[in-house]
Amino acid sequence: MKVAVHGASVRPDSRLRAALCALARRGHAVTWVGANAPACDALRVVSSDRELRPGDADLVVGERSALALAWRAWRWHARAGLLAIRATDLAGWGFFERWGWDTLPLQALIEEHEGEHVRTLAGDLPLERFVLWHTEGNPSERPSSPDAELLEHAGERALARHAGPMRRPVFFVDRDGTLIVEHGYLADPAGVELLPGVADALRLLQAERVPIVVVSNQSGIGRGKFGVDDMLAVMARLRVVLRERGVELSGIYVCPHAPGAGCACRKPGTELLERAADDHQALLAHSWMVGDKLLDAATGRAMGGTGVLVRTGYGAKEEEGAAGSEWGRPDRVFDGLAQAAAAFLASRDALDTA
């Protein structure tokens, strides 16, 4: 995400301050506009919005006022917003504040202990747009902080709702061996190397407004080979490398468990895709899961969509053994992501004209 923060609206004691720093360390481009920025080397700080460049902000973040946030979204060409509010803020809202709320796809962040009070004050404001801050732990600037994860998914949900209420096909894609060179238990961001044609393929999808969602098994965490922050640093580097090539990922979902842990999130389980479907309004029956392993393709079929194997990474070897595999044959096979992306768009266009 490309995020612009209305700094003047953020309270000195707000947990947004640490959460936004942690969000930037997850690879999102966060620009603090105005004074009183937190001391965080991951943030870009500008003194006024005159320093914002076109395209710097997809999401605007602030506190207190929906009207002020909506106005800045218009001024900064942002598509959606996150607004941290307290019950005292909401109690003072009149017609224009509620009008500002209605003009922008907003997610509102509230403290759990104020939830019932906010529910009473909200009136006809849709409660599904309110998100509770996590209660565990203290605010942290670490990328693995619960607040950063909440901010990330709330922002992605708000952006997805800018596209409208209809569900849409999503391009789910594996990471290692599909987007980047397979290194095996990658824990060093310097090892992120895009495979040939990947950036072009993702730009093609993005130009057609297709949500691009990474779904990755990272069993190195469960096996004790690296930590969650190491994994997030690699994912952050992936976001940055793709952004430098004109691509913004719609979301990243990770299973950290080792095989045999009995979780539902490890592919070919579908829990991560179901979470992503809720966040990104995915039409799973017409979505694709693309990867270099047969279990990726099996995941696509298990979600009720299309399972696709690419011959990059382990893909060519996996294809050779498909006949005897417990995962079965993929629905489609392509040499690489470029061919898969083009075929996905063709299938989506056929759906639109059916």
Open item on the list: Taking the alpha-carbon distance from LYS2 and a cut-off under 23 Å, which lysines remain once sequence neighbours fewer than 8 residues away in the same chain are dropped?
Closed with: none
Open item on the list: Please compute, for the alpha-carbon atoms of segment 83-218, the extent along each of the three principal axes and give them in descending order in Å.
Closed with: 54, 37, 19
TODO: Give me the orientation-averaged projected area of the Cα convex hull of segment 253-354, in nm², one decimal.
DONE: 7.0
- [ ] Work out from phi, with θ = phi - 60° and the Karplus expression 6.51 cos²θ - 1.76 cosθ + 1.60, the ³J(HN,Hα) of each residue of segment 77-87, listed in order in whole Hz, and give x for Gly and Pro.
- [x] 6, 7, 9, 7, x, 10, 10, 8, 10, 10, 4
Task: Once the Cα gyration tensor of the chain is diagonalised, semi-axes √(5λ) in Å - done: 36, 21, 19
Open item on the list: Using the crude model of +1 on Lys and Arg Cβ and -1 on Asp and Glu Cβ, and no other charge, please compute the dipole size for the chain relative to its Cα centre, in debye to 20.
Closed with: 480
Open item on the list: Please list log₁₀ I(q)/I(0) at q = 0.33 Å⁻¹ for segment 29-70, using the Debye equation with identical point scatterers on the alpha-carbon positions.
Closed with: -1.30
Open item on the list: What are the equivalent ellipsoid semi-axes of segment 207-265, built from the alpha-carbon gyration tensor (square roots of five times its eigenvalues), in whole angstrom, biggest first?
Closed with: 26, 15, 6
Task: Taking VAL60, VAL215 and counting other C-beta atoms within 10 Å, the order from fewest to most - done: VAL215, VAL60
- [ ] Stick to Cα atoms and the Kirkwood definition of Rh, then tell me Rg/Rh for segment 2-162.
- [x] 0.93
Task: Dipole-positive endmost among CYS263, VAL198, MET303 within segment 171-353 (Cβ charges, Cα centre) - done: CYS263
Task: Partners for LYS293 among lysines (Cα-Cα distance below 26 Å; same-chain residues under 8 apart left out) - done: LYS225, LYS267, LYS317
TODO: Would you calculate a helix-derived [θ] at 222 nm for the chain, using -39,500 (n - 2.57) for each DSSP H run of n ≥ 4 and dividing by the full residue count, to the nearest 500?
DONE: -11000 deg cm²/dmol
TODO: Write down the percent of antiparallel bridges among all DSSP beta bridges whose residues are both part of segment 171-353, to the nearest 5.
DONE: 5
Task: Distance between modelled label sites at HIS183 and TRP71, nm, 7 Å Cα→Cβ extension - done: 4.7
TODO: Using the Kirkwood radius over Cα pairs, work out the Stokes-Einstein diffusion coefficient for segment 171-353 at 4 °C and 1.567 mPa s, in µm²/s as a whole number.
DONE: 80
Open item on the list: How much length would be gained if the chain were fully extended between THR88 and ARG142, taking 0.36 nm per residue of separation minus their Cα-Cα distance, in nm to one decimal?
Closed with: 16.5 nm
- [ ] Just name one of GLY155, PRO105, ALA8: the one whose Cα is farthest towards the positive end of the charge dipole of the chain (beta-carbon charges, Lys/Arg +1, Asp/Glu -1).
- [x] ALA8
TODO: Using only C-alpha positions, report the orientation-averaged shadow area of the convex hull of segment 139-209, nm², one decimal.
DONE: 6.7
- [ ] Please report CYS21, CYS255 as a ranked list, fewest other C-beta atoms within 10 angstrom at the top and most at the bottom.
- [x] CYS255, CYS21
TODO: Amide H neighbours of CYS255 under 5 Å, at least 5 residues apart or on other chains, H built in the peptide plane: list them.
DONE: SER216, ASN217, GLN218
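Every read-out reported here was derived from the displayed coordinates using simple, explicitly stated rules and does not represent laboratory data. Predicted, not measured: the structure shown is a model, and the values here were computed from it. Don't worry about glycine lacking a Cβ; one is built from the backbone with ideal geometry, like all the others, and counts go over all protein chains shown.
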